[in-house]
Amino acid sequence: MATPPGRRGGHAVQLSYDEEQQAFRDQVRAFMREKAPPALAEKSRRGARFEKEDMKLWHRTLYERGWIAPKWPVEHGGAGFDPIQVHIVDEEAFAAGMPRLPNFGIGMVGPVIIHFGSDAQKTRYLPKILSGEAFWCQGFSEPGSGSDLASLSTRAVRDGDEYVVSGQKTWTTQAHWADWMFTLVRTDREVKKQEGISFLLIDMTSPGITVRPIMTLDGEHQVNEVFLDEVRVPAENLVGEENRGWDYAKFLLSNERTGIAGVGQSKAEFARLKAIAETETRRGKPLSQDPLFQAKLAELELELRALEITNMRVLMEEKEKGAPGPISSILKIKGSEVQQGIATLTMEAVGSYAAPYLPEALDPSWNGEAPGPDYAAQATPYYFFRRKASIYGGSNEIQRNIIAKQMLGL
């Protein structure tokens, strides 16, 4: 097996690839050089916020190349890539400075529709998910139902050919961008809580929907509250069978937790951290030469390499079985810990420059003087943003319970 050359930015964490896989990497890398929008790469370098139009631009670029849904079957418009190819595309996109696209359509509801939806639903929804015409959000968590998702109380009552939906969802990422929401609703209160849940697709322009922003610690608007007041949803928007939504949700969440590992993004962020360590100094020498900092870098790099290898094993299992299963919880835990470790060490590397947090310095209209080098302004919001990695997608404590119960039989 041939080992590919070192990555841009001096990144050393690599797996080995055979000649065919390396040729594919070269093809992907050439595509990124030619087609990755430079404006998006510059935003990534500065740590500026990506807007909806940025996401649509990068989505369209991948869609035109046929790579927007790398894991989808070819018959449904996907690329049909194997796990190694999926990993390579993901890694090279982040190395080129491209944003992480919203995963709600391609990575979450799309596979659910492919596996459990009707032919009519596949015809109606999949093409618009692929093209990026329709943006989606995930209506799962509620004020009293986060980690204990099965306790959700949003109700859907059948009324002829419609469901009437009332309730509240919270922490709904990008609901203010979304055209559609896939959501879990309670359709039967007389049975075990997991057995009375259904999976609905809701048009976000429906009367009775109110979206309110939640501003997070990093000063950004990514998550929202969504209120549903007697929203009428056509019964044809029910995915699969009524009261089987919990089964579909478990399938979806196992795929979500695989993506949350974020190996490609972590590798790009780790490369940036190493570049910062070469620039910042301690006692007159680059921080990268400080023995204590070197030890922290080395430990983090080993964790990242172990995560990458485990991620590949899970992707191979997903290819064989169709869904990764409970092992995805391991990826979720370790992936979030690595992300937080990189953010913490980045703050340490930037040092006092990170203290004056000026989120407005990341905005294109900012005309003030940012403290320190250009990477300093993004260190603090990046750190704040990564604090929630161990909570979303099911908290790490819940993931440990899943591992104990489903993998260890405890």
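Could you sort out which of Lys334/Lys388; Lys169/Lys334; Lys35/Lys388; Lys52/Lys334; Lys71/Lys122 sit more than 21 Å apart by Cα distance in this structure?
Numbers: Lys334/Lys388 14 Å; Lys169/Lys334 27 Å; Lys35/Lys388 32 Å; Lys52/Lys334 29 Å; Lys71/Lys122 16 Å.
Going by Cα-Cα distance, Lys169/Lys334; Lys35/Lys388; Lys52/Lys334 fall outside the 21 Å limit.
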- Under the Debye formula (equal points on every Cα, no solvent term), log10 I(q)/I(0) of region 184-236 at q = 0.20, 0.23, 0.29 Å⁻¹: -0.85, -0.94, -1.09
- Starting at the first residue of region 218-231, write each ³J(HN,Hα) from the Karplus equation 6.51 cos²θ - 1.76 cosθ + 1.60 with θ = phi - 60°, in whole Hz, x for Gly and Pro. 7, x, 9, 10, 10, 10, 8, 9, 10, 9, 10, 10, 6, 7
- From DSSP H assignment alone, runs of 4+ in the chain each adding -39500 (n - 2.57), the sum over residues rounded to the nearest 500 puts [θ] at 222 nm at -14500 deg cm²/dmol
- Expressed as a whole number of Å, what is the distance separating the alpha-carbon centroids of region 181-243 and region 64-97? 29 Å
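So what is the relative contact order of the chain, in percent, for Cα pairs below 8 Å that sit 6 or more residues apart?
Working: 676 pairs, mean separation 61.2, N = 410.
Answer for the chain is 15 percent.
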- Message: Test of the criteria: in region 169-198, which trypsin sites (Lys or Arg not before Pro) are in a DSSP loop and have at most 15 other Cβ atoms within 10 angstrom of their Cβ?
- Response: Arg189, Lys192
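Quick check on region 24-182: take the gyration tensor over C-alpha atoms, sort the square-rooted eigenvalues as a ≥ b ≥ c, and tell me if it's rounded (a/c under 1.5), prolate or oblate.
Working: a/c = 2.33, a/b = 1.62, b/c = 1.44.
Here region 24-182 falls in the prolate category.
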- Output the peptides 130-141, 24-35 sorted from most to least packed, where packing is the average of other Cβ atoms within 10 Å over each peptide's residues. 130-141, 24-35
- Note on the structure: One would report the antiparallel percent of DSSP beta bridges in the chain, rounded to the nearest 5, as 85 percent
- Note on the structure: By the C-alpha gyration tensor axes a ≥ b ≥ c (rounded if a/c is under 1.5, else prolate when a/b exceeds b/c, else oblate), the shape of region 58-144 is oblate
- Using the Kirkwood radius over Cα pairs, work out the Stokes-Einstein diffusion coefficient for region 136-245 at 20 °C and 1.002 mPa s, in µm²/s as a whole number. 154 µm²/s
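Could you work out the relative contact order of region 136-245? I mean the mean sequence separation of Cα pairs under 8 Å and 6+ apart, divided by the number of residues, in percent. All intermediate terms of the calculation are to be shown ahead of the outcome.
Numbers: 271 pairs, mean separation 33.5, N = 110.
Value for region 136-245: 30 percent.
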- Helix 119-131 sits off the longest principal axis of the Cα atoms of the chain, rounded to the nearest 10 on a 0 to 90 degree scale, by 30 degrees
- Sequence neighbours fewer than 8 away in the same chain don't count; with that in mind, list the aspartates and glutamates whose C-alpha is under 19 Å from Lys285. Glu348
- Task: Taking H placed 1.01 Å from N in the peptide plane, check which residues at least 5 places from Met204 or on another chain put their amide H under 5 Å from its amide H.
- Result: Trp180, Met181
- Item | Contact order relative to length of region 19-99, as percent, for alpha carbon pairs under 8 angstrom and 6 or more apart | 40 percent
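Any idea what the alpha-carbon Rg over 2.2 N^0.38 Å comes to for region 19-99?
Numbers: Rg = 12.9 Å, N = 81, 2.2 N^0.38 = 11.7 Å.
That works out to 1.11 for region 19-99.
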- Per principal axis, largest first, the Cα atoms of the chain extend in Å by 74, 49, 47
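Rule-based calculations on the coordinates, nothing more; no lab input. In this text the structure is predicted, and so the values were computed from the model without any measurement. In this analysis, Cβ positions are derived from the backbone assuming ideal geometry, glycine residues included, and neighbour counts consider all displayed protein chains.
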